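Input: a single structure, listed below in structure tokens.
The values are calculated or read from the model by the stated rules, or taken from the named source; none is laboratory data. None of the values given here were measured: they were computed from a predicted structure. With ideal geometry, Cβ positions are generated from the backbone for all residues, glycine too; neighbour counts draw on all protein chains shown.
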């Protein structure tokens, strides 16, 4: 595993044509690794009939809600937790 | 009327909704190509509709009365479900999230409708709706207020978006005044919505 629990990470801001499981609202955003779940087959290739191998590590990453939606109602929840595959994570910017 | 040059049964069928027609066409194609047999599809549907929130409620009630079990549930919910003889479903990792006086979890799948179906049954229609999926992450307190649940400002509200292979189950707070209840009586208080994190267990309203 490349990243450790507690470490800050930034989600890649790249576009992706096709099925993927990284929601756009966290792309380019910086969060914190909360858990390292396990490694899973890659949904981006598996969705098209491939075996999805090699398996990719999956992390639970939390983001300050105010970093995601600066204009959202105040006090409306502190953090949002999202499962993100390792190939979408970069060292924190 | 199809404009292309191979034969198949009509895609639409009277007043059949488009989504149903698409599902039927896909099912026929999977069978025709030998990917799945009709009895496998029927078995899958039977499994889906046989699941109910009662199984999740058993897990929660046991966690309320047995602190050591609760620790095992928080460490590995799949193993804890198997320990009670429950079917944890196909997801390799099931995560239980504990609500306390200071932390409240709610679960959403912004990308589709990922949900711990094995332990909660089919997800409710609102869980799959665009308004819930978009607003749960951007305005969780507003959404919870519409469910009739006010979370104090000093409570750490955590929204969990199940975007991948993990399935999440919330362990709601045990309602006050339930010390005398049996595990079975407690399980009856654990509603589906309380295990998604948009409600408190039933007795909380009476307390």
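When B:120, B:186, B:82, B:181 are screened for being loosely packed, with under 14 Cβ neighbours inside 10 Å and away from chain A (no Cβ under 14 Å), only B:82 passes.
For the range A:48-79, filtered to residues that are more than 9 Å from chain B (Cβ to nearest Cβ) and assigned to a strand (DSSP E or B), the residue that is surrounded by the most Cβ atoms within 10 Å (Cβ to Cβ) is A:61.
All of B:103, B:108, B:93 fail the test of being surrounded by fewer than 20 Cβ atoms within 10 Å (Cβ to Cβ), in contact with a strand residue (DSSP E or B) (Cβ under 8 Å, 6 or more places away or on another chain) and under 18 Å from residue A:83 (Cβ atoms), apart from B:93.
Yes/no per residue for (1) more than 22 Å from residue B:143 (Cα to Cα); (2) assigned to a helix (DSSP H, G or I); (3) touching a residue at least 40 places away in the same chain (Cβ under 8 Å):
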residue: B:59; (1), (2), (3): yes, yes, yes
residue: B:68; (1), (2), (3): yes, yes, no
residue: B:81; (1), (2), (3): yes, yes, no
residue: B:85; (1), (2), (3): yes, no, no
residue: B:101; (1), (2), (3): no, no, yes
residue: B:107; (1), (2), (3): no, no, yes
residue: B:110; (1), (2), (3): no, no, yes
residue: B:114; (1), (2), (3): no, no, yes
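Scanning the range B:142-160 for residues that are in contact with a helix residue (DSSP H, G or I) (Cβ under 7 Å, 6 or more places away or on another chain) and surrounded by 19 or more Cβ atoms within 10 Å (Cβ to Cβ) yields B:143, B:151, B:157, B:159.
With respect to (1) in contact (Cβ under 8 Å) with a residue 12 or more places away in the chain; (2) away from chain B (no Cβ under 11 Å); (3) over 19 Å from residue B:93 (Cα atoms), the lone exception for residue A:45 is condition (1). All but one of (1) closer than 20 Å to residue B:164 by Cβ; (2) more than 13 Å from chain A (Cβ to nearest Cβ) hold for residue B:92; which doesn't? Condition (2) is where residue B:92 drops out. Please determine whether any residue of the range B:147-163 is within 14 Å of chain A (Cβ to nearest Cβ) and under 10 Å from the mean Cα position of the chain (by Cα). Scanning the range B:147-163, I find no residue that is within 14 Å of chain A (Cβ to nearest Cβ) and under 10 Å from the mean Cα position of the chain (by Cα), so the answer is no. Exactly one of (1) without any contact (Cβ under 8 Å) to a residue 60 or more places away in the chain; (2) in a loop (DSSP other than H, G, I, E, B) is unmet by residue A:38. Its number? Result: residue A:38 passes all but (2).
Given the condition farther than 30 Å from residue B:30 by Cβ, within 10 Å of chain B (Cβ to nearest Cβ) and either part of a strand (DSSP E or B) or modelled with pLDDT of 90 or more (or both), answer yes or no: does some residue in the range A:1-17 qualify?
Filtering the range A:1-17 for residues farther than 30 Å from residue B:30 by Cβ gives A:1-15.
Within this subset, residues satisfying the condition of being within 10 Å of chain B (Cβ to nearest Cβ) are none.
No, every residue in the range A:1-17 fails to be farther than 30 Å from residue B:30 by Cβ, within 10 Å of chain B (Cβ to nearest Cβ) and either part of a strand (DSSP E or B) or modelled with pLDDT of 90 or more (or both).
Scanning the range B:123-146 for residues that are part of a loop (DSSP other than H, G, I, E, B) and more than 14 Å from every other protein chain (Cβ to nearest Cβ), we see that the one that is nearest to residue A:22 (Cα to Cα) is B:129.
To keep it simple, each residue is scored yes or no on (1) at pLDDT 95 or above; (2) over 26 Å from residue A:66 (Cα atoms).
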residue	(1), (2)
B:109	yes, no
B:112	no, no
B:127	yes, no
B:151	no, no
B:154	no, no
B:160	yes, no
B:178	no, yes
B:192	yes, yes
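For residue B:79, the stated conditions do not hold, so it cannot be described as in contact with a helix residue (DSSP H, G or I) (Cβ under 8 Å, 6 or more places away or on another chain), under 22 Å from residue B:184 (Cβ atoms) and modelled with pLDDT of 95 or more.
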